[in-house]
Each structure stands twice: as structure tokens, then as C-alpha cells.
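Undergrad: For reference, the structure I am asking about is given below.
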2 protein chains.
Amino acid sequence: MDAALRPYDIGSTQWYVLYQLAHHGPTMQRDLLRMLQIERATLSIVVGALVRKGLVEQVPDTIDRRQKRLQMTVAGTKLWGELPDLTFIRSVAFDGIDQAEIATAIKVLQTATGRLDELLRQGTDT
Amino acid sequence: MDAALRPYDIGSTQWYVLYQLAHHGPTMQRDLLRMLQIERATLSIVVGALVRKGLVEQVPDTIDRRQKRLQMTVAGTKLWGELPDLTFIRSVAFDGIDQAEIATAIKVLQTATGRLDELLRQGTDT
DNA sequence: GATTTTTTGTTTGCTAGCTAGCATAATTGT
DNA sequence: ACAATTATGCTAGCTAGCAAACAAAAAATC
């Protein structure tokens with residue numbers, strides 16, 4: 001993804017933010033957190049980069065002024081239209097592999113990461 | 001890994017370098033590159049951190065003075081002895097999962113990453 | 001109604017990855 | 001023997017992750 005996006009000076013996480021805004025419209029920054037599964041501080045940096053480049057606007061909510069609503073600018077919408085389709089990456093990686101084996105791989109990884117998340121969660125709380 | 005190593009101010013890649021030196025003795029920095037599968041520049045930073053902390057020594061080779069031999073210092077060996085055993089992480093993640101399913105997951109992921117590596121390799125050469 | 005706690009976002013400082021470009025040393029070609 | 005190429009490592013500048021500490025606003029408590 002990074003290699004494909006490099007010509008556009010966009011990183012993969014920045015791409016995910018744009019994807020979200022392009023497909024689901026303006027979004028609260030706090031809601032993006034849950035969608036992208038990253039930390040507040042990280043998202044702050046990523047959004048900052050997009051704002052700096054003029055691709056995204058950050059508007060404080062009128063009701064809850066702590067929260068910020070993110071929306072694409074005209075320049076952002078234009079760039080999004082020019083970005084290449086990245087689904088070919090998934091095709092290259094997985095096309096032709098047995099569907100059942102992919103399902104097994106997903107199950108194994110979800111189990112493992114779930115257990116590790118749980119382990120971390122406990123370690124943090126205690 | 002990072003959570004377990006944090007009390008010792010050691011990152012996971014730094015741990016891998018120490019592991020290598022602890023188990024296989026002094027190693028040329030260029031050989032570590034292949035073992036850790038990271039870029040020259042990245043390893044340079046990681047090794048720099050270890051040298052700065054006095055855990056590893058970087059000695060220019062007498063025959064080829066470009067190359068640098070890495071070896072643990074006394075302080076490094078001491079710290080290595082104090083680090084916790086990290087194999088519990090693998091146990092937490094995978095214990096009890098069907099061995100055949102794990103093998104399938106590994107196969108799927110190796111195929112996918114292999115294909116993507118190949119794709120990147122071509123893109124870089126052209 | 002005033003105080004405390006929680007939520008949201010930012011900043012700072014770290015690890016770790018990358019590319020590009022540089023210097024130096026070694027090797028290869030002519 | 002000298003010139004050109006290759007190999008090794010470093011620095012600079014970037015993305016992206018994290019934790020800790022902070023400010024501001026909102027919500028909860030007393």
C-alpha cells in the first residue's frame with residue numbers, strides 16, 4: 001500500500017482516514033479511533049498531516065466543543081478521485097488460495113490476537 | 001514483547017539483536033541485516049541505541065574496515081541475564097490450537113507475503 | 001452551584017520501519 | 001596502476017505506532 005501511495009505522498013493510515021470520509025461522509029475524530037483501532041495520539045498526528053496538506057478539515061462540534069468533525073476538503077475529494085484502486089493488492093496476495101484455508105488462517109490469527117489483547121488488557125488494568 | 005521489555009528500556013528489535021549476539025556470539029552487522037530482514041538504515045539506528053546504552057560494542061573489522069563486528073559488552077551480557085523469558089507470549093497466543101490449523105495459517109501467510117514481496121521486488125527493479 | 005471526574009484532542013518523546021543521498025572502503029575492469 | 005563500480009554504514013527526513021502528561025470542555029457528584 002505504501003509503495004502504491006508514495007507518488008501521492010499519502011501513507012496507508014492517511015489513506016484509511018480518507019477512505020472513511022469518502023465512504024461514510026464527515027466523521028467525528030473520536031469515532032475514527034474505534035474504526036482504525038489506533039491510539040488517540042497516533043490519530044492526532046495522522047489527521048494533523050492531512051489537515052496540513054489541505055485534504056481534510058477539522059471542525060469543532062458546536063454542541064460538544066471538545067469533539068472535532070472531520071470532513072474532506074475540495075482538494076481532498078479531488079485527490080481521492082485520482083488515487084489508484086488498491087484492491088489489486090488483496091488479489092495478488094490471496095487469489096487462488098483455498099477459501100477454507102484462508103478461513104482457517106483468519107480464525108487462528110483472531111484467536112491469537114484476541115488472547116494477546118486480553119493479556120495486555122489485564123496487565124494494563126492491574 | 002514491547003510491554004514485557006519496557007521496564008528494561010529495550011525495544012523488540014533491540015531484543016532480537018541481543019538474542020542473536022547471546023546465542024551466536026559476535027556477528028557482523030551486515031549479516032544481522034539478513035537475519036532480521038530489515039533495512040541497513042534501520043539496523044544502524046537500532047545498533048546505535050544499543051551502543052549508546054553501552055550494551056553492545058561495534059568493532060571495525062581489521063580486514064574489511066567497512067564492516068563492523070557487533071559483540072555484547074559486560075553490561076550487555078549482564079542485562080541479557082536479567083531479561084525475562086518471553087516464550088510465554090507464544091504460549092498464550094497459540095497453546096491449544098490445532099497444530100494442523102496453525103500449519104495452514106503459516107502456509108497461507110507465507111504464500112501471501114511471498115507474492116507481495118515478489119510484486120514489490122519487480123516494482124523496484126523496473 | 002461548586003467541585004471532582006471523565007472525555008477529547010494535542011504535545012512530547014520514544015521505538016521502529018522506510019527511502020534517498022552521502023562518505024568511505026573494497027573490488028572489478030581496463 | 002588507475003578508474004569505475006559495488007558494498008557497508010550513517011544521516012536526514014518521513015510515516016506510524018506507543019505512553020505519559022497536559023489543557024479544555026463536558027458530565028457527574030456532592
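Undergrad: Quick check: at a probe of 1.4 Å, how many percent of the accessible area of the range A:2-95 sits on carbon and sulfur atoms?
TA: Within the range A:2-95, the accessible surface is 52 percent carbon and sulfur.
Undergrad: In addition: So, with +1 on the Cβ of K and R and -1 on the Cβ of D and E, and no other charges, what is the size of the charge dipole of the range B:1-105 about its Cα centre, to the nearest 20 debye?
TA: 640
Undergrad: Per residue, how much accessible area does the protein assembly as shown show when a 1.4 Å probe rolls over the protein heavy atoms, in square angstrom?
TA: Values: 16690 Å² over 252 residues.
Accessible area per residue, the protein assembly as shown: 66 Å².
Undergrad: I would also like to ask the following. Within the range B:31-45, whose backbone N sits under 14 Å from a point 7 Å along Cα→Cβ of B:Asp64?
TA: B:31-34
Undergrad: In addition: Quote the total accessible area buried by chains B and A together, excluding ligands, DNA and RNA, probe 1.4 Å, nearest 100 Å². Mind dumping the intermediate values first?
TA: Values: alone 9230 and 9210 Å², together 16690 Å².
Accessible area lost upon association: around 1800 Å².
Undergrad: Would you kindly state how much longer the chain becomes between B:Gln110 and B:Leu83 on full extension, computed as 0.36 nm times their sequence separation minus their alpha carbon distance, in nm to one decimal?
TA: Details: separation 27, 0.36 × 27 = 9.72 nm, distance 3.06 nm.
Result for the pair: 6.7 nm of gain on full extension.
Undergrad: Hey, if you drop one equal point scatterer on each alpha-carbon of chain B and run the Debye formula without solvent, what base-10 log of I(q)/I(0) do you get at q = 0.15, 0.18 Å⁻¹?
TA: With one equal scatterer per Cα and no solvent, log10 I(q)/I(0) is -0.88, -1.06.
Undergrad: Something else about it: In whole percent, what relative contact order does chain A give with Cα contacts below 8 Å and a gap of six or more residues? Spell out each step's value before the answer.
TA: Working: 91 pairs, mean separation 27.9, N = 126.
Taking the mean separation of contacting Cα pairs over the length of chain A, I get 22 percent.
Undergrad: For B:Lys68, list the lysines whose Cα falls under 18 Å from its own Cα; do not include residues on the same chain fewer than 8 positions away.
TA: Candidates past the 8-residue exclusion: B:Lys53.
Undergrad: Give me the distance between the Cα centres of the range A:5-43 and the range A:54-126, rounded to whole Å.
TA: Here the two parts' Cα centres lie 8 Å apart.
Undergrad: Which length gain, in nm to one decimal place, applies between A:Ala22 and A:Ile38 when the Cα-Cα distance is subtracted from 0.36 nm times their residue separation?
TA: 3.8 nm
Undergrad: Then there's this: More than 25 Å apart: what percent of Cα pairs in the protein assembly as shown qualify?
TA: Working: 20246 of 31626 pairs.
Considering the protein assembly as shown, 64 percent of its Cα-Cα pairs are separated by more than 25 Å.
Undergrad: Any idea which of A:Ala3, A:Tyr16, A:Val56 is furthest toward the positive side of the dipole for the protein assembly as shown, if Lys and Arg beta-carbons carry +1 and Asp and Glu beta-carbons -1?
TA: A:Val56
The values are calculated or read from the model by the stated rules, or taken from the named source; none is laboratory data. Keep in mind that this is a model prediction, so the values were computed, not measured. Note that we place each Cβ from the backbone using ideal geometry, even for glycine, and neighbour counts take in every protein chain shown. Only protein heavy atoms, including side chains, enter the accessible area calculation; ligands, DNA and RNA are left aside. Shrake-Rupley method; radii C 1.70, N 1.55, O 1.52, S 1.80 Å.
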